[in-house]
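To start, the structure itself, in structure tokens.
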Amino acid sequence: MVHAKSWTLKKHFVGRPTNSDFELKTVELPPLKNRKVLLEALFFTVDPYMRYYFPPENSYGFPVSECAVSFRVVESKNSAFPIGTTVVAPSGWTAHSISDGKNLEKLLAEWPDTLPPSLALGMVGMPSLTAYSGLLDISGVQGGETVLVNVAAGAVGSVVGQIAKLKGFKVVGAAGSDRRVACLEKYGFDVAFNYKTVKSLEETLQKASPEGYDCDFDNVGVEFSNVVIPQIKKFGRLAIAIRGPISTYNRTGPLPPVVVSRGYSSLRCVGFSLRWILLLRKYEINLFVVVLIQGKIQYHEHITEGFESMPPAFMGMLREFGEAIVKA
Ligand SMILES: NC(=O)c1ccc[n+]([C@@H]2O[C@H](COP(=O)([O-])OP(=O)(O)OC[C@H]3O[C@@H](n4cnc5c(N)ncnc54)[C@H](OP(=O)(O)O)[C@@H]3O)[C@@H](O)[C@H]2O)c1
């Protein structure tokens with residue numbers, strides 16, 4: 001008999017999540033039936049967007065859902081998934097689970113030994129696909145234009161900036177510490193600044209691109225975009241990763257008002273949400289593996305050890321740098 005540990009939500013957060021919002025439960029899994037596999041977790045992601053996917057009141061007590069997990073198959077009655085296969089699934093915070101294989105995505109057969117398997121959840125997973133699709137499919141940015149990105153050292157922002165550089169755009173990035181700014185410079189951003197220490201965000205943006213911005217890839221929300229929008233060029237774009245904005249996640253009070261400026265009159269604003277279906281886009285996944293091997297895109301992971309540490313990793317994720325991963 002396998003005892004599966006799961007993190008469940010006891011009550012919803014008020015402001016910042018706390019340890020008492022979560023409860024660890026153990027259930028006994030039934031014997032494996034035909035065509036089923038038993039999965040043991042290897043890595044989990046804890047992403048900011050998950051704040052929106054915690055269960056409604058009637059599902060409290062069930063495992064926290066909507067988390068990218070990589071698993072190893074440890075018992076199999078399904079020939080498509082022999083023992084030892086590594087798979088990725090949109091499973092919950094569960095250390096062991098049984099699957100019929102429907103939602104399982106195998107790790108690329110040609111996954112290189114030089115790349116850590118945890119990258120299947122971050123750099124070769126949802127955050128990078130969000131960056132890729134948000135910038136190239138959705139924002140409408142074109143050759144030679146100037147792109148501004150905030151949370152620029154984050155899982156999504158760092159890839160937006162690096163893809164934009166590979167495509168020949170001018171890239172300006174805002175991040176929240178000098179260490180992160182140094183990283184953005186290493187990633188090749190044309191201008192990077194610490195938005196927490198600059199005297200004036202407005203002046204810093206003007207200095208970084210006196211001619212204005214063609215595209216603002218916004219991960220933060222209204223406080224930032226109120227300052228940026230007047231500096232977006234005529235017919236420029238505001239691309240919003242709609243599962244953001246990150247500045248609202250732990251907020252309890254009302255949002256600051258949107259300041260309507262002249263910039264709005266010719267602005268194209270596109271919100272987007274990227275779901276698991278995009279993980280099936282093999283072309284982009286292969287592309288990320290290739291550019292990672294070639295060292296053309298750099299990454300930073302923050303790895304927390306132990307399934308028991310899921311809640312603290314989730315709570316600390318907005319303070320950490322890079323893709324937040326928990327090693328089971
Ligand atoms: N549309 C979609 O399908 C989709 C998919 C994935 C992600 N997203 C969204 O994209 C955004 C970025 O995600 P991510 O995974 O890249 O995030 P992340 O790297 O995990 O973000 C953490 C960083 O956010 C910044 N931050 C935290 N609190 C903030 C606040 N109150 N105001 C401003 N910045 C704050 C901090 O960096 P700095 O201090 O350096 O800024 C922090 O290190 C999130 O809003 C997420 O929900 C959307």
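The values are calculated or read from the model by the stated rules, or taken from the named source; none is laboratory data. These numbers come from a predicted model, not from an experiment. So basically every Cβ, Gly included, is an ideal-geometry build from the backbone, and we count neighbours across all protein chains shown. Ligands, DNA and RNA are excluded from the accessible area calculation, which covers all protein heavy atoms including side chains. Shrake-Rupley method; radii C 1.70, N 1.55, O 1.52, S 1.80 Å.
Estimated at the nearest 10 Å², the accessible area of C67 is 0 Å² with a 1.4 Å probe. Taking the Cα centre of segment 126-272 as origin and assigning +1 to Lys and Arg Cβ atoms and -1 to Asp and Glu Cβ atoms, the resulting dipole is close to 80 debye.
Amide H to amide H distances under 5 Å link A324 with V46, H302, where only residues 5 or more positions off or on other chains count and H is placed in the peptide plane. Among residues other than V2 with Cβ under 11 Å from its Cβ, the summed charge is -2 (Lys and Arg +1, Asp and Glu -1). Gyration tensor over the Cα atoms of segment 126-272: the corresponding equivalent ellipsoid has semi-axes (square roots of 5 times the eigenvalues, largest first) of 19, 18, 16 Å. Once the Cα atoms are used to define both axes, helix 178-187 deviates from the longest principal axis of the chain by about 90 degrees.
Can you work out the FRET efficiency for the pair H3 and R35, with r the C-beta to C-beta distance and R0 = 25 Å, to the nearest 0.05? Provide the component values of the computation, followed by the final result.
Values: r = 23 Å, r/R0 = 0.92.
Taking R0 as 25 Å, the efficiency between H3 and R35 is 0.65.
For segment 188-257, trypsin sites (Lys or Arg not before Pro) are listed when DSSP marks them as loop and at most 16 other Cβ atoms sit within 10 Å of their Cβ; the list is K196, K199, R251. Measure nothing fancy, just the Cα-based angle from helix 155-166's long axis to the longest principal axis of the chain, in degrees from 0 to 90, nearest 10. So the helix axis and the longest Cα principal axis differ by about 60 degrees.
Rounded to the nearest 500 deg cm²/dmol, what is the calculated helix-only ellipticity per residue at 222 nm for the chain, with -39500 (n - 2.57) per DSSP H run of length n ≥ 4?
Working: 7 runs with 63 residues, N = 328.
Dividing the helical sum by the residues of the chain leaves -5500 deg cm²/dmol.
Which GluC sites (Glu not before Pro) in segment 83-181 sit in a loop by DSSP (not H, G, I, E or B) and have at most 11 other Cβ atoms within 10 Å of their own Cβ?
Numbers: sites: E105, E110, E145; in loops: E110, E145.
Loop-located and lightly packed - E110.
For segment 33-141, the equivalent ellipsoid derived from the alpha-carbon gyration tensor has semi-axes of 25, 21, 12 Å in decreasing order. The distance between label points at K10 and E320 comes to 2.3 nm (points 7 Å beyond Cα on the Cα→Cβ vector). Spacing of the modelled spin labels on K186 and S309, each 7 Å from Cα toward Cβ, amounts to 2.1 nm. Among the protein heavy atoms, those of Y49 account for about 20 Å² of accessible surface (1.4 Å probe, every chain in place). Computed extension length for V27-A80: 16.4 nm, one decimal, from 0.36 nm per residue of separation with the Cα-Cα distance subtracted. The Stokes-Einstein estimate for the chain, based on a Kirkwood radius over Cα pairs and taken at 20 °C with 1.002 mPa s viscosity, is a diffusion coefficient of 103 µm²/s. F235 sits with roughly 140 Å² accessible to a 1.4 Å probe, with DNA, RNA and ligands left out of the calculation.
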